[in-house]
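No value in this document is a laboratory result; all are computed from the given coordinates. Source: prediction; values computed, not measured. A quick note on method: Cβ atoms are made from the backbone with ideal geometry, for glycine too, and the neighbour counts reach across all protein chains shown.
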Amino acid sequence: MQSISSNHPAPALIGMEHADLVTLCHNAGVKPVHADRLNAWVFRLGVTDIHDIPELPQNLYNYLSTHVGQLKPVSVANRMADDGTRKILLRMPDGKEVETVLIPGPGRLTQCISTQVGCAIGCRFCLTATAGLTRNLSAAEMVSQVMLARKESKEEIRNLVLMGMGEPLHNYDEVAKFVRIVTDPMGFAFSPRRVTLSTSGLVPAIYRMIEDELPCNLAVSLNATTDEIRSSIMPVNTRYPIAELMRAVRDYIAAKNRKRVLIEYVMLKDVNDSIDDADRLCELLRGLGCTVNLLPFNPFPGSGYQRPDDATVSEFHAHLSKAGLVAVVRESKGDEISAACGQLKTEVVERRKRVSV
């Protein structure tokens with residue numbers, strides 16, 4: 001496949017929804033049924049070279065050869081931890097790098113997808129935030145993470161979580177396109193129940209998810225129970241405070257017919273890990289049927305925060321459970337391969353600096 005020009009590269013086939021493929025067929029002068037074949041071979045079977053797709057009309061081969069491009073990121077670093085967690089650092093054609101993580105679980109493999117190069121939200125406990133935002137990823141670049149991970153792991157990926165580098169709802173249009181591509185039953189065919197989008201709390205975009213009926217689950221990174229604390233660790237709270245965010249969560253649940261929302265709560269020692277915090281969290285979530293993911297902080301150099309001890313985490317968890325909340329303490333995975341978001345990229349960059357000196 002070739003580019004339209006050096007200044008305007010051809011759109012990547014792997015970033016196209018079924019409707020886009022139908023349009024390609026129309027422009028090529030062939031029947032729209034061939035879009036189904038493209039969809040199945042590209043997304044289900046992972047074939048991206050059109051000449052490896054059999055039984056397409058010659059007119060379609062000719063048209064795709066000049067109007068559609070390929071996107072082939074390079075795996076820069078690939079590490080596997082003792083617990084089976086695999087982290088991959090990918091370099092996109094423009095040289096920008098992002099991470100994706102494969103996390104094994106009982107009978108399933110979950111992939112964590114990055115949606116931006118860097119992040120503009122500025123959460124104080126997040127390593128990715130320290131670098132700021134470079135650019136958004138395209139839907140094709142998100143799909144390429146799935147394809148590369150599927151190829152390198154040689155395992156079936158059952159769950160996708162948009163919880164990697166970036167704030168997904170800051171890149172709404174491309175993220176929504178990615179979600180529709182991966183849940184298309186004619187292509188990747190991920191169940192919408194197995195695709196989860198995590199946000200720091202961009203309220204207008206949550207309402208847009210409702211309006212668009214985006215086929216995925218919602219996770220909200222709450223991390224505090226008072227505006228004072230949340231604003232100090234998540235600047236986004238100054239624009240969308242807790243009351244406004246929780247109102248959007250309630251409206252989302254109501255619109256989705258009581259669909260369960262995942263509440264993520266990163267536990268920071270002496271910041272948000274007290275029993276008073278647990279009481280306030282119970283009150284905030286009363287009657288909503290949310291699941292709470294308790295995530296003991298994974299420290300990184302210069303963060304300024306510490307991980308609570310196991311006894312504090314257990315007591316916090318027990319308090320939520322006693323109040324009737326469904327709460328899970330997520331064990332840290334892949335510590336020895338820098339599996340926390342942004343750590344592997346930072347490590348590789350620092351190593352390059354040392355080598356170049």
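Coupling constants for region 70-76 follow from the phi torsions by the Karplus curve (6.51 cos²θ - 1.76 cosθ + 1.60, θ = phi - 60°), and in residue order they are 10, 10, 10, x, 9, 7, 8 Hz; glycine and proline get x. Take each peptide in 219-225, 27-33, 40-46, count the other Cβ atoms within 10 Å of every residue, and average; sorted highest first, the result is 219-225, 40-46, 27-33.
For the chain, the 222 nm mean residue ellipticity estimated from helices alone, with every DSSP H stretch of n ≥ 4 adding -39500 (n - 2.57) and the total spread over all residues, rounds to -10500 deg cm²/dmol. Taking amide H positions as modeled 1.01 Å from N, with prolines and chain starts lacking one, the residues under 5 Å from residue 263 and 5 or more places away or on another chain are 220, 291, 292, 293. Extension gain for residue 331-residue 51 works out to 96.3 nm (0.36 nm per residue, less the C-alpha to C-alpha distance). In this simple spin-label model, placing a label point 7 Å from the Cα along the Cα-to-Cβ direction at both residue 321 and residue 19 gives a separation of 4.7 nm. Per-residue 3J(HN,Hα) values for region 293-301, derived from phi via the Karplus relation 6.51 cos²θ - 1.76 cosθ + 1.60 with θ = phi - 60°, read 9, 8, 10, x, 3, 9, x, 9, x Hz in sequence order (x marks Gly and Pro).
In this structure the amide hydrogen of residue 162, modeled in the peptide plane, comes within under 5 Å of the amide hydrogens of 113, 196, 197, 198, none closer than 5 places in sequence on its chain. Region 295-315 and region 66-139 have Cα centres spaced 24 Å apart.
With a Förster radius of 25 Å applied to the beta-carbon distance between residue 156 and residue 80, the computed FRET efficiency rounds to 0.90. Need the C-alpha centroid separation for region 162-209 versus region 4-60, integer Å. A separation of 23 Å, based on Cα centres.
Backbone phi angles across region 89-106, fed through the Karplus curve with coefficients 6.51, -1.76 and 1.60 (θ = phi - 60°), yield HN-Hα couplings of 9, 10, 10, 7, x, 8, x, 6, 10, 9, 10, 9, 10, 9, 10, x, x, x Hz in residue order; Gly and Pro are listed as x.
Near residue 69, the amide H atoms lying under 5 Å from its own belong to 12, 13; only residues 5 or more places off or on other chains count, and H is placed 1.01 Å from N. What pairs from 31/259; 96/259; 31/177; 87/269; 269/322 go past 30 Å between their alpha carbons? Too far apart for the 30 Å limit: 31/259; 96/259. What is the chain by shape, rounded, prolate or oblate, if you read a ≥ b ≥ c off the alpha carbon gyration tensor as root eigenvalues and call it rounded for a/c under 1.5, prolate for a/b larger than b/c, and oblate otherwise? It is prolate, given that a/c is not under 1.5 and a/b is the larger ratio.
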